[in-house]
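Participant: Pasting a structure here, questions to come.
Since every read-out is calculated from the coordinates, none of them should be taken as a lab result. What you see is a predicted model, and the numbers here were worked out from it, not measured in a lab. All Cβ positions, even for glycine, are placed from backbone atoms using ideal geometry, and neighbour counts span all protein chains on display.
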Amino acid sequence: MKYVLKNFRKFAGLLMTVLFVFLFNPRFAAAGSFHNSVVKVFVTANRIDYYHPWQTAGSFSKTGSGAVIKGNKILTNAHVVFDHTFIQVRKETDPQKFAARVEAIGHDCDLAILTVDDPQFFEGLTPLVLGPLPKLQENVSVAGFPEGGDKISITEGVVSRVEVIAYRQSLKKLLAIQIDAAINPGNSGGPVLKDGQLVGIAMQSLPKSQNIGYMIPTPIIEHYLKDLEDGSYDQFPVLGIDFNNTENENLRNFYRMNKEKGGILVTSVLPFSPAHQILQPGDVILAVEGTPLGVDGTFEFRENERLSLSHLISQKQSGDELHLKIFRGGAVVNPSVKLTRFTNLVPEENHFVKPPYYIYGGIIFTVLSQDLLKTWGGAWWEKAPLEFLNYSFGSGRYNALNRKDIVVLLQVLPDSVNVGYHDISNEVVAKVNGRTVFSFQEFVKMLEESSAENFTVIETENHFQIILNNKDIKQINARILERNNIPFQYSADVLGWLTPQESPNP
């Protein structure tokens with residue numbers, strides 16, 4: 001009897017130890033507690049057809065995941081909810097769906113905040129707490145609702161890389177973490193956890209690969225949440241330069257920087273960017289915020305880890321000062337750059353913000369944007385017209401001084417007034433009746449003014465001329481619209497630019 005009692009006590013003690021470890025070890029505690037912080041997101045969406053900007057492409061449904069954080073907020077991906085017309089969320093333990101709304105969205109960092117107006121939804125939910133940036137080889141867990149089932153799915157993986165990459169949603173280069181845990185359609189927006197804390201949001205996987213996924217890490221999430229504290233989102237800042245490395249010894253000799261150990265060579269400065277009129281081609285940036293740069297534009301991030309200098313810039317908020325150390329003309333100077341909000345010549349995606357358009361003589365005009373470029377589908381950067389891509393990524397964006405918009409001729413709706421021009425499409429507009437075009441609003445007013453003349457001459461950047469006879473042009477415009485079932489000659493914003501006498505739209 002004593003032997004049995006003695007062994008029972010040993011067994012009971014061992015059992016208590018195991019229970020203590022399970023209940024109080026953060027990793028095991030997390031496994032049983034974070035389920036009620038992960039929600040499934042149901043989205044009905046309807047994307048604008050940017051090539052036919054008066055209409056939408058049609059309604060469709062998609063699902064994603066989300067993580068409950070403090071303040072009765074749900075953190076998810078921007079690409080989960082973009083172009084939404086209706087959103088619902090559901091807890092794993094509750095069959096009821098609740099209507100949700102987008103409180104904030106940041107396409108550049110692929111993050112969005114949802115909320116639910118019904119307070120009943122958040123009853124019993126435990127907000128996830130943001131944790132530190134994980135290190136290489138550390139284990140993490142991905143939670144969410146991938147396709148193939150309706151229950152929560154949890155996969156484990158290892159942190160394999162910490163680097164700056166181009167986010168698929170915006171092509172913006174920001175800090176990301178590569179993990180080998182499976183991230184499948186439906187996982188997007190779900191939390192990545194370590195020791196019960198949220199250390200990232202599942203974002204994207206690498207196509208044609210096995211278990212290579214990426215998450216948005218906490219430094220990006222924290223920057224996004226801090227940006228929203230004033231009630232508006234100003235986006236991650238950019239400096240506005242192109243640069244080369246300085247590895248070549250002849251280059252270093254030419255710029256007289258033999259004594260300097262690192263640095264990058266500024267090759268061009270984007271007009272009207274924060275760096276405009278402060279930095280110049282030929283400058284060598286040696287350090288950013290006191291952090292020395294290597295010859296390849298990287299800096300020491302953590303032990304045995306290096307990151308691109310863009311991370312030093314993206315850590316700042318819009319309105320902050322960025323302090324630089326540069327080598328110019330044989331001397332070291334220390335300028336500061338105010339990182340004001342900056343919109344590229346070709347605007348980033350707006351997603352469901354209706355684009356401006358104007359139809360004149362059966363010719364459809366709009367502005368060049370990332371949204372329009374993406375109408376060319378997957379690998380659009382290889383399929384879109386080269387001239388458009390040049391303004392988006394190439395030298396065109398540097399040479400288009402004083403331009404607010406790039407006005408483009410999309411296509412021609414065939415009619416007797418535009419015979420001979422039916423095959424023209426995807427051209428950049430340069431002039432109207434000899435006057436240079438600097439913005440879409442200015443372009444529209446030029447066309448309206450030209451309608452009082454005998455002819456309107458539209459010239460493209462390829463020096464192609466389109467000449468329209470303005471006799472009965474208003475009746476011709478109406479006839480073309482009716483024939484093609486187009487409700488209005490131009491978008492609502494254009495309506496506001498014209499006087500009531502010039503505006504036939506209701």
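Participant: Assign one of three labels to the chain, namely rounded, prolate or oblate, based on the Cα gyration tensor with a ≥ b ≥ c the square roots of its eigenvalues; rounded applies when a/c is under 1.5, prolate when it is not and a/b is larger than b/c, and oblate otherwise.
Facilitator: On the way: a/c = 2.89, a/b = 1.49, b/c = 1.94.
Oblate, because a/c is 1.5 or more while a/b does not exceed b/c.
Participant: Got a sec to turn the phi values of segment 38-53 into Karplus ³J(HN,Hα) couplings, 6.51 cos²θ - 1.76 cosθ + 1.60 with θ = phi - 60°, whole Hz, x for Gly and Pro?
Facilitator: Working through the residues one at a time gives 10, 10, 9, 10, 10, 10, 9, 10, 8, 7, 5, 8, 6, 8, 10, x Hz.
Participant: Could you tell me which of Trp497, Ser451, Ser395 has its Cα farthest along the dipole of segment 357-502 towards the positive end, charges placed at Cβ (Lys, Arg +1; Asp, Glu -1), taken about the Cα centre?
Facilitator: The one lying farthest along the dipole's positive direction is Ser395.
Participant: How big is segment 109-255 on each of its three principal axes, counting only the C-alpha atoms and giving the largest first in Å?
Facilitator: Dimensions of segment 109-255 along the principal axes of its Cα atoms: 68, 40, 26 Å.
Participant: So which GluC sites (Glu not before Pro) in segment 399-454 end up in coil per DSSP with only 11 or fewer other C-beta atoms within 10 Å? If you can, show how the numbers build up before the last one.
Facilitator: Values: sites: Glu427, Glu442, Glu448, Glu449, Glu453; in loops: Glu453.
Here the sparse-neighbourhood loop sites are Glu453.
Participant: Distance between Cα centroids, segment 453-498 to segment 132-191: provide it in whole Å.
Facilitator: Going from one Cα centre to the other spans 49 Å.
Participant: In angstroms, what radius of gyration and Dmax does segment 221-303 have, counting Cα atoms only?
Facilitator: When restricted to the Cα atoms of segment 221-303, Rg and Dmax are 15.8, 50 Å.
Participant: Still on this structure, I have one more. For His276 and Ser439, what does the FRET efficiency come to when R0 = 22 Å and r is the distance between their Cβ atoms, rounded to the nearest 0.05? Walk me through the intermediate numbers first.
Facilitator: Values: r = 19 Å, r/R0 = 0.85.
The formula returns an efficiency of 0.75 here.
Participant: State the answer as a single residue: which of Val102, Ser141, Ser416 lies farthest towards the positive end of the charge dipole of the chain, with beta carbon charges of +1 for Lys and Arg and -1 for Asp and Glu, about the Cα centre.
Facilitator: My answer, from the dipole projection, is Ser141.
Participant: Give me the dipole magnitude in Debye, nearest 20, for the chain about the Cα centre, with unit charges on the beta carbon: positive for Lys and Arg, negative for Asp and Glu. Could you put the intermediate results ahead of the total?
Facilitator: Values: 47 positive and 53 negative charges, 356 e Å.
The dipole of the chain has a size of about 1720 debye.
Participant: Could you give the nm distance between label points at Phe464 and His422, where each point is 7 Å from its Cα heading toward the beta carbon?
Facilitator: Simple spin-label model gives 1.5 nm for this pair.
Participant: Sticking with this one: Say the cut-off is 30 Å between C-alpha atoms; which of Lys316/Lys404; Lys70/Lys404; Lys70/Lys374; Lys194/Lys261; Lys172/Lys325 go over it? Can you show the working numbers first?
Facilitator: On the way: Lys316/Lys404 26 Å; Lys70/Lys404 40 Å; Lys70/Lys374 35 Å; Lys194/Lys261 39 Å; Lys172/Lys325 25 Å.
The pairs that break the limit, which is 30 Å between Cα atoms, are Lys70/Lys404; Lys70/Lys374; Lys194/Lys261.
Participant: Given a Förster distance of 51 angstrom, what is the FRET efficiency for Asn253 paired with Glu156, based on the Cβ-Cβ distance and rounded to 0.05?
Facilitator: Working: r = 52 Å, r/R0 = 1.02.
Once the sixth-power term is evaluated, E becomes 0.45.
Participant: Please name which of Gln235, Ile364, Phe299 has its Cα lying farthest along the dipole of the chain towards the positive end, using unit charges on Cβ (Lys, Arg +1; Asp, Glu -1) and the Cα centre as origin.
Facilitator: Sorting the options by dipole projection puts first Phe299.
Participant: At 7 Å along the Cα-to-beta-carbon direction for both Trp381 and Ile486, put a label point, then send me their distance in nm to one decimal.
Facilitator: If labels sit at Trp381 and Ile486, their model points lie 3.2 nm apart.
Participant: Ok, one more. Is the shape of segment 77-147 rounded, prolate or oblate, going by the alpha carbon gyration tensor and its root eigenvalues a ≥ b ≥ c, with a/c under 1.5 for rounded and a/b larger than b/c for prolate? Don't skip to the end; give the middle numbers.
Facilitator: Values: a/c = 1.93, a/b = 1.33, b/c = 1.45.
In terms of gyration-tensor shape, oblate.
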